[in-house]
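To keep things clear, I will list the structure first and then write my remarks on it.
The values are calculated or read from the model by the stated rules, or taken from the named source; none is laboratory data. On a predicted model such as this, the values are computed, not experimentally measured, just so you know. Positions of Cβ are backbone-derived with ideal geometry, glycine not excepted, and every protein chain shown enters the neighbour counts. Heads up: the accessible areas ignore ligands, DNA and RNA and are worked out on the full protein's heavy atoms, side chains in. Shrake-Rupley method; radii C 1.70, N 1.55, O 1.52, S 1.80 Å.
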Amino acid sequence: MGLSQFSSRGRTSRGLAVIFCLWGLISVCCAARLSATRQKLEVQKHLNRLNKPAVKSIESPDGDVIDCVHMSHQPAFDHPFLKDHKIQMRPSYHPEGLFDENKVAANPIERSSPVKQLWHQNGKCPEGTIPVRRTKEDDILRASSIKRYGRKKRRTAPQPRSADPDLINQSGHQHAIAYVQGDKYYGAKATINVWEPKIQQPNEFSLSQLWILGGSFGEDLNSIEAGWQVSPDLYGDNNTRLFTYWTSDAYQATGCYNLLCSGFIQINSQIAMGASISPVSAYRNSQYDISILVWKDPTEGHWWMQFGNDYVLGYWPSFLFSYLAESASMIEWGGEVVNSQNGGQHTSTQMGSGHFPEEGFGKSSYFRNVQVVDSSNNLKAPKGIGTFTEQSNCYDVQLGRNGDWGQFFYYGGPGRNANCA
């Protein structure tokens with residue numbers, strides 16, 4: 001066999017190797033492109049599900065687009081159990097004692113102002129429609145998956161008895177709350193000081209809210225939540241936004257933020273879930289707050305939400321829940337942050353104003369006029385209120401009571417500091 005035959009075979013082998021290599025690369029590239037195309041189609045499908053046809057669209061100064069969607073076309077009615085649902089346009093009853101609460105503070109130093117939403121500067125939605133913050137492609141792509149978009153991670157409701165140091169950062173969530181338990185509760189109310197806390201990592205958030213809870217903290221927790229939050233992952237910015245949340249299975253497969261799944265039925269044309277609220281409080285300067293009331297309609301059994309003194313926003317139908325179909329067994333009010341422990345250190349994400357409770361009004365964040373709704377549909381000061389925080393050197397809470405503010409508390413903190421590493 002001659003040398004030329006060996007070299008010819010060698011060239012053939014090398015040529016085949018190159019062809020196989022190129023074929024492999026083409027296959028990988030094609031698979032990657034196919035996967036990207038499939039994901040884009042899935043994202044578009046989800047956007048079409050969430051973004052309903054708009055009667056009118058309003059561009060907000062913060063870059064949001066608010067779509068005015070006909071009330072009967074809102075995301076809630078994608079739920080199979082709501083196909084023939086007749087919208088309840090008003091609650092059968094408000095809690096007794098609600099309108100006695102709107103007194104002006106006697107001490108002018110401790111007066112605060114209500115807030116509005118930024119998009120109001122550029123227009124309003126017509127009657128018969130509801131304002132829906134438009135979901136963008138980037139919003140979904142920031143989520144861990146399309147399925148998890150608009151959902152909290154599991155086990156984020158604070159469990160006051162779980163202050164075992166080994167469990168503190170297991171869920172990556174930390175809290176500073178006041179709470180009541182041991183009775184049947186049919187609603188809760190609070191006026192919440194509004195700030196714009198600094199967030200260290202885009203995958204962290206800081207929120208201040210009330211929780212209405214039923215069931216156990218295992219697999220079957222029912223929760224209705226409302227308040228304000230800063231969440232770069234969810235919204236793509238650091239604005240302070242009004243939000244709601246619900247789950248009937250401990251944040252596993254049910255529920256979502258705002259109107260990002262079927263569930264909450266909105267009836268109000270003036271307030272948009274997930275939209276920026278403005279202005280916010282400043283340290284040693286003007287203070288702003290929002291009032292939130294969630295209560296169970298004694299006749300229909302739905303859980304209603306009111307924002308401020310004037311805006312009844314809508315309701316969560318009672319069939320969404322198991323335990324909360326009857327009543328709540330625990331109410332919590334306070335702050336929550338995600339502590340991702342970047343670089344092995346505690347996060348510097350702020351809770352509330354970013355200052356500890358002992359600094360007081362104008363410096364620390366507060367909840368005032370904290371109340372529960374009892375079985376007779378009366379708003380009352382909570383009995384036996386307790387407090388809970390996993391690490392008081394990072395975020396803390398302090399109770400108080402006076403004539404103007406009733407039951408109140410200051411809460412929050414800076415996160416990482418000399419005593420919180």
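Spin-label pair HIS70-ASP84: with each label point 7 Å from Cα along the Cα-Cβ axis, the two points sit 2.1 nm from one another. How many Å² of accessible area per residue for the stretch 343-421, probe 1.4 Å? Ligands and nucleic acids excluded, the figure is 39 Å² per residue. Spin-label model, SER376 to SER318: label points 7 Å out along the Cα-to-beta-carbon direction sit 2.1 nm apart. Straight-distance candidates among the aspartates and glutamates for linking to LYS86, with alpha-carbon spacing under 18 Å and chain neighbours fewer than 8 residues away dropped: ASP78, GLU127, ASP297, GLU300.
Hey, if we sort GLU204, GLU196, GLU127 by accessible area with the 1.4 Å probe, largest down, what's the order?
Numbers: GLU204 0, GLU196 80, GLU127 160 Å².
Largest accessible area first, the list is GLU127, GLU196, GLU204.
Given a 1.4 angstrom probe, I'd like the percentage of the accessible area of the stretch 34-83 that is carbon and sulfur, rounded to a whole number. Accessible surface attributable to carbon and sulfur in the stretch 34-83 totals 57 percent.
Whenever you get a sec, line up PHE81, PHE319, PHE409 from highest to lowest accessible area (probe 1.4 Å, protein heavy atoms). Let's see the in-between values first.
Values: PHE81 145, PHE319 80, PHE409 0 Å².
Correct descending sequence by accessible area is PHE81, PHE319, PHE409.
Here the stretch 175-260 exposes an accessible surface that is 48 percent carbon and sulfur, computed with a 1.4 Å probe and the other protein chains kept in place.
Greater than 31 Å separation of Cα atoms is the criterion. Which listed pairs, LYS52/LYS152; LYS52/LYS184; LYS116/LYS136; LYS56/LYS184, meet it?
Listed pairs above 31 Å: LYS52/LYS184; LYS56/LYS184.
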